[in-house]
Amino acid sequence: MTAVFSHGRLRLYLLKLLDDGPKHGYELIRLLEDRFLGLYAPSAGTIYPRLQRLEAEGLVSHTAAGGRKTYAITEAGLAELRQRAGELAALEADIAASVADLSTLAGEIRSEVRGSTRDLKRELSEATRQTRRTRWEPQASSYRPPAADVPRAALLDEFDKRLASFSAEVSRLARAREFSDTQLRTAIRLLDGALDGLRRLLR
């Protein structure tokens, strides 16, 4: 509970709210939340025990209808309000100051969150650009073309080795889940295109 209601001041404010007319517990909670601009709201476990104590002291009474209790201030409660008018005025001033402080704090938090969000977006954007640059950066190739005077048999042997190495590497990458489904479909189309190119070359 906010410090402005320490030392039994919440019960005094409940009497003040009931002075405006009978209310049920959740209506009192809503009024307190509205008074604090939604930045503070007491729980039912805070409000109802205090209403019960006020009733036990004869300061409020209740009527029940439809499973809901509606509380009203009694003559004794009105007398206590009159006796504590100065304390109530001080409480109202403290509440106004507390609301102003909470509003300022909320504004600072919102500003900080907006700044943090902008920083996060900027960092994510930079990380995405770095990832794209790394992903599409040309990699050093291990390919070395055969010498021009290599015999045909050696060339065929080298072709078989390169083909086996290529197949093994593509299979390894696919099984290591380094390809997304879209990339796999693209890779399949590339392989089909490469095969068509080889067919035309070797006809």
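Some points to look at:
- Qualifying residue in region 12-33 (condition: modelled with pLDDT under 85, more than 15 Å from A97 (Cα to Cα), assigned to a loop (DSSP other than H, G, I, E, B) and not charged (D, E, K, R)): no
- All told, D20 falls short of being farther than 20 Å from E87 by Cβ and among the acidic types (D, E).
- One residue stands out in region 1-26 among those that are surrounded by fewer than 16 Cβ atoms within 10 Å (Cβ to Cβ) and within 30 Å of the chain's Cα centre (by Cα): the one that is nearest to K69 (Cα to Cα), namely Y26.
- Residue within region 62-74 that is assigned by TED's automatic domain parsing to the domain that holds Y13 and within 25 Å of V99 (Cβ to Cβ) present: yes
- Failed item, numbered, when L39 is tested on (1) assigned to a loop (DSSP other than H, G, I, E, B); (2) buried (at least 16 other Cβ atoms within 10 Å of the Cβ): (2)
- The requirement of being touching a residue at least 60 places away in the same chain (Cβ under 8 Å), assigned to a helix (DSSP H, G or I) and closer than 20 Å to G25 by Cβ is fulfilled nowhere in region 42-62; no residue meets it.
The values are calculated or read from the model by the stated rules, or taken from the named source; none is laboratory data. All values reported here derive from a predicted model rather than from experimental measurement. As a convention, Cβ positions derive from the backbone with ideal geometry for all residues, glycine included, and neighbour counts pool all protein chains shown.
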